[in-house]
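Just so it is clear, none of the values below were taken in a lab; they were calculated from the coordinates. Everything quoted here is computed from the prediction, not taken from an experiment. In this analysis, Cβ positions are derived from the backbone assuming ideal geometry, glycine residues included, and neighbour counts consider all displayed protein chains.
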Amino acid sequence: MRKFIVAGNWKMNTTVPEGVELAKAVAKAAAEVPANVELVVAPPFTHLYAVAEALRGSKIALSAQNCADKAKGAYTGEVSVDMLKSVGCEYTILGHSERRQYYGETDAKLVEKVKLALEAGLKVILCVGENLDEREAGKHFDVVKAQTENVLFNFSADDMSRIVIAYEPVWAIGTGKTATAAQAEEIHRCIRSVIEARFGKAVADDLTILYGGSCKPSNAKELFQEPDIDGGLIGGAALKAEDFIGIALSF
Ligand code: PGA
């Protein structure tokens, strides 16, 4: 069964006390959200322990925003999948465009990270998406297809049951410019067909594909009505409980 998910990527925002407040507000408002919509929050690493406590007893899943590409050892400043698991993470986001753009995250590195995350029992939200130049050059399908294949074709059909894909056109992230529902849907359909060609129809049908990029309560409904858009990865609007829950109520 395909799952609907609304995930909040807090990025490098909030202090720990602010994050705990936000998590509590989200947990409180989450009662209104239909049971078939899963809520996920992805605070910064420093917040995970405290936010896990704040979410205790709620159905909201905890996610990291990234993980190390090594299991353990002398890698100063890195955070391992076992650490994430031990603090109560169920998911990790991987391959966000900000990681690809500013921190040199490559598809090859992402293969290592996805492998480690799955082995540790985490689920993965893998981000793909073209930048503005690529879209203007008409290369958006090719870019997204290549990112999807380069990473996920190293995994099995079984692994795919613990992977969510987030399509985030880079030109729509934090810009207030949302892809139209039709623009998003055609890419989501393309991603699903890439997955179907490799792993079969059942895997493709079950795959959750999220849209991300200036998604907010006012445009979520139109996006989520599309047959291949199964929820959202939310940045800015996830920093206000009311907006985040407003998006989750848009199904
Ligand atoms: P945004 O970010 O909602 O602020 O555009 C989305 C994301 O980067 O995940």
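Tell me, please, whether a residue that is assigned to a loop (DSSP other than H, G, I, E, B) and within 10 Å of the ligand (Cβ to nearest atom) can be found in region 233-247. Please lay out each step first, then the result.
Of all residues in region 233-247, those assigned to a loop (DSSP other than H, G, I, E, B) come to 235, 240.
Cutting the leftovers down to within 10 Å of the ligand (Cβ to nearest atom) gives us 235.
Yes; the residues of region 233-247 include at least one that is assigned to a loop (DSSP other than H, G, I, E, B) and within 10 Å of the ligand (Cβ to nearest atom).
Quickly run through region 165-224 and pick out the residues that are among the aromatic types (Phe, Trp, Tyr), more than 11 Å from the ligand (Cβ to nearest atom) and either within 18 Å of residue 39 (Cα to Cα) or in contact (Cβ under 8 Å) with a residue 60 or more places away in the chain (or both). First the steps, then the outcome.
Kept after step one, since they are among the aromatic types (Phe, Trp, Tyr), are these residues of region 165-224: 167, 171, 199, 211, 224.
Among the residues that remain, those that are also more than 11 Å from the ligand (Cβ to nearest atom) are: 199, 224.
The one that is among the aromatic types (Phe, Trp, Tyr), more than 11 Å from the ligand (Cβ to nearest atom) and either within 18 Å of residue 39 (Cα to Cα) or in contact (Cβ under 8 Å) with a residue 60 or more places away in the chain (or both): 224.
Which members of region 208-232 meet the condition of being of a type in the set (A, V, I, L, M, F, W, C) and assigned to a helix (DSSP H, G or I)?
Quick first cut of region 208-232, residues of a type in the set (A, V, I, L, M, F, W, C) only: 209-210, 215, 220, 223-224, 229.
Correct list: 220, 223, 224.
Output the residue which, of all residues in region 138-150 that are in contact with a strand residue (DSSP E or B) (Cβ under 6 Å, 6 or more places away or on another chain) and either surrounded by fewer than 21 Cβ atoms within 10 Å (Cβ to Cβ) or of a type in the set (Val, Ile, Thr) (or both), is farthest from residue 107 (Cα to Cα). Talk me through it step by step, then tell me what you get.
Filtering region 138-150 for residues in contact with a strand residue (DSSP E or B) (Cβ under 6 Å, 6 or more places away or on another chain) gives 144, 147-148.
Next, from what is left, pick out any that are either surrounded by fewer than 21 Cβ atoms within 10 Å (Cβ to Cβ) or of a type in the set (Val, Ile, Thr) (or both): 144, 148.
Values: 144: 12, 148: 9 Å.
It comes out as 144.
Any idea which residue in region 31-51 is farthest from residue 126 (Cα to Cα), counting only those that are more than 16 Å from the ligand (Cβ to nearest atom) and surrounded by 18 or more Cβ atoms within 10 Å (Cβ to Cβ)? Give the derivation first.
Residues of region 31-51 that are more than 16 Å from the ligand (Cβ to nearest atom), as a first pass: 31-38, 45-51.
Narrowing the set further to residues that are surrounded by 18 or more Cβ atoms within 10 Å (Cβ to Cβ) leaves 33, 37-38, 47-48, 51.
Working: 33: 24, 37: 19, 38: 17, 47: 21, 48: 19, 51: 22 Å.
Top of the filtered list is 33.
Please go through region 227-245 and give me each residue that is more than 20 Å from residue 63 (Cβ to Cβ) and surrounded by 18 or more Cβ atoms within 10 Å (Cβ to Cβ), ordered by number. First the steps, then the outcome.
Within region 227-245, the first condition is being more than 20 Å from residue 63 (Cβ to Cβ), and the residues that meet it are 227-228, 242.
228, the sole residue that qualifies.
What number of residues in region 6-30 are surrounded by 16 or more Cβ atoms within 10 Å (Cβ to Cβ), assigned to a helix (DSSP H, G or I), out of contact with any strand residue (DSSP E or B) (no Cβ under 7 Å at 6 or more places or on another chain) and in contact (Cβ under 8 Å) with a residue 40 or more places away in the chain?
3
With respect to residue 125, is the statement that it is hydrophobic (A, V, I, L, M, F, W, C), under 19 Å from residue 158 (Cβ atoms) and in contact (Cβ under 8 Å) with a residue 24 or more places away in the chain true? Steps first, please.
Values: hydrophobic (A, V, I, L, M, F, W, C): yes; under 19 Å from residue 158 (Cβ atoms): yes; in contact (Cβ under 8 Å) with a residue 24 or more places away in the chain: yes.
Judged against the criteria, residue 125 is a match.
Go through the residues of region 126-145 one by one and say whether even a single one is within 15 Å of the chain's Cα centre (by Cα), more than 17 Å from residue 191 (Cβ to Cβ) and not small (Gly, Ala, Ser).
Among the residues of region 126-145, not one is within 15 Å of the chain's Cα centre (by Cα), more than 17 Å from residue 191 (Cβ to Cβ) and not small (Gly, Ala, Ser), which makes the answer no.
In region 53-65, is there at least one residue being within 19 Å of the chain's Cα centre (by Cα), part of a loop (DSSP other than H, G, I, E, B) and either at positive phi or small (Gly, Ala, Ser) (or both)?
No, there is no match, as no residue in region 53-65 is within 19 Å of the chain's Cα centre (by Cα), part of a loop (DSSP other than H, G, I, E, B) and either at positive phi or small (Gly, Ala, Ser) (or both).
Residue-by-condition table, conditions (1) of a type outside the set (Ser, Thr, Tyr); (2) within 16 Å of the ligand (Cβ to nearest atom); (3) closer than 21 Å to residue 232 by Cβ:
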{"position": "97", "(1), (2), (3)": "no, yes, yes"}
{"position": "100", "(1), (2), (3)": "yes, yes, yes"}
{"position": "133", "(1), (2), (3)": "yes, no, no"}
{"position": "138", "(1), (2), (3)": "yes, no, no"}
{"position": "148", "(1), (2), (3)": "no, no, yes"}
